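Nothing in this text is a laboratory measurement; each read-out follows from the coordinates by a stated rule. None of these values were measured; they are calculated from a predicted model. A quick note on method: Cβ atoms are made from the backbone with ideal geometry, for glycine too, and the neighbour counts reach across all protein chains shown.
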Amino acid sequence: MPGTGQVLYSHTFPKQPFICSVTKPNSFQGGFQAALAATISGHYFQTLQETLAKAGLAMRFIVSSPLGSGTWIPNDSSSQFFPLTSKYGYDNEHLTTGHQFFTMRVELYVKEQIKRALKINIPASPDGVIRVVWGVGKDTDIYSNIKFNSSAADLWYLPECIGKVTIPPVVRFNRIYSGAINYDGTLPQGQSFAIKAQYNPACAFPDYSTSYNDLNLNLSIKFTPEGPGRVEDKYIYLKNEEGEENGLRLRIRNMNFSRDEVFNSSGNIIGLNSTSGLSMNTFSAELEKNPSAGSVKNGNFTQRIKVDINYY
């Protein structure tokens, strides 16, 4: 994550022209002042800043207009409005702002260095979360105005040290009696094995000393054969030490999801959540005779398979 004070994300809105006018002056109030207004519906900006604070972030707007430039951090009270123009409507000679414009840029910046992993949801905004109003303190929808909205988003922070995977280095099959009737019960055969993914306790996550344990990860797995067998979809047609197909084929069955894995393709496995911090997955390596082969050849055989686990 960038250092404290650095901008993590920014977006500049298009230059926005506007005119505000009144039909008669209001000298009693000293006229009006066009402004940006932040919604107070559901305490949106207050809740948003609290949510961002969990990630060590904060949000601000950089606004430029003929009145000048400044930083605006909207809230429900003291900073609900940001003036855009000088006063108008205080006498009959100044009933309009004239043609005006403003530019606005939103920034997410680092307020506090966060090292723990987390995932937070930024909710969609109410309609017109920021709008142009004809006067400071005149936050109303009864007049046409310029409005801005935002959609929902997820914000993740995953440090380099977060998880580990435990995979058995070897899965061994029993002997096959190729010359026996019906292979004397040695075919087909299956050998179960477990693949475990977990948050690494050495990475200090989940962080049980805080309430920020809301990181859940979906996981996928991919089995990639690396030889010497021939791969077709969910089967590997095995070869002996001489490089000849030996009449056997191998498939891997995901016991948790009751499916055969397709080699070189990704499939879901049990995800990780910050409550258990463990994804235990059981597979079975299934060995059977290739129905297209005439016989099973004698001799040793091996098959190399790389296992990749990814999160999303």
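For Ser151 and Gln191, the FRET efficiency from 1/(1 + (r/R0)^6), where r spans their Cβ atoms and R0 equals 35 Å, is about 0.10. Give the calculated FRET efficiency between Asn298 and Arg105 to the nearest 0.05, with a Förster radius of 45 Å applied to their Cβ-Cβ distance. The pair Asn298/Arg105 has a calculated efficiency of 0.05.
Using alpha carbons only, the radius of gyration of segment 226-305 set against its Kirkwood radius gives Rg/Rh = 1.09. Considering only Phe193, Pro17, Gly70, the residue lying farthest towards the positive end of the dipole of the chain is Phe193, judged by Cα position with unit charges set on Cβ. Just so you know, the averaged projected area of the alpha carbon convex hull for segment 7-157 sits at 9.3 nm².
Each of Ala152, Phe32, Ser86 was placed along the dipole of segment 7-157 (beta-carbon charges, centred on the mean Cα), and the one lying farthest toward the positive end is Ala152.
Against the empirical 2.2 N^0.38 Å (N residues), the chain has a Cα radius of gyration ratio of 1.65. Lone cysteines in the chain, going by a 4.7 Å Cβ-Cβ cut-off? Among the cysteines of the chain, those whose Cβ sits 4.7 Å or more from every other are Cys20. Label separation (Phe13 vs Ile62): 1.6 nm, computed from points 7 Å beyond Cα along the C-beta direction.
Shown for Arg105, Arg60, Arg304: other C-beta atoms within 10 Å of each C-beta, ranked fewest to most, produce the order Arg304, Arg105, Arg60.
Around the Cα centre of the chain, unit charges on the Cβ atoms of Lys, Arg, Asp and Glu (plus for the first two, minus for the last two) sum to a dipole of about 220 debye.
Compute the helix-to-body angle for 44-54: its Cα long axis versus the longest principal axis of the chain, expressed 0 to 90° and rounded to tens. The angle comes out at about 40 degrees.
Mind sorting Cys161, Cys203, Cys20 by how few other Cβ atoms lie within 10 Å of their own Cβ, fewest first?
By the 10 Å Cβ count, ascending: Cys161, Cys203, Cys20.
A straight line joining the Cα centroids of segment 1-32 and segment 56-100 runs 4 Å.
Within straight-line reach of Lys24, meaning a Cα separation under 13 Å, sit the following aspartates and glutamates at least 8 residues removed in sequence or on another chain: Asp91, Glu93. Taking 0.36 nm per residue of separation and subtracting the Cα-Cα distance, full extension of the segment from Gln46 to Ala202 would add 52.7 nm. When the P(r) is computed for segment 163-311, the part past 23 Å accounts for 44% of the Cα-Cα pairs. Cross-link partners for Lys196 among the lysines, with Cα-Cα distance under 27 Å and sequence neighbours closer than 8 places in the same chain left out: Lys115, Lys119, Lys164, Lys222, Lys234, Lys306. Taking chymotrypsin sites (Phe, Trp or Tyr not before Pro) across segment 4-83, the ones in a DSSP loop with at most 15 further Cβ atoms lying within 10 angstrom of their Cβ are Phe28.
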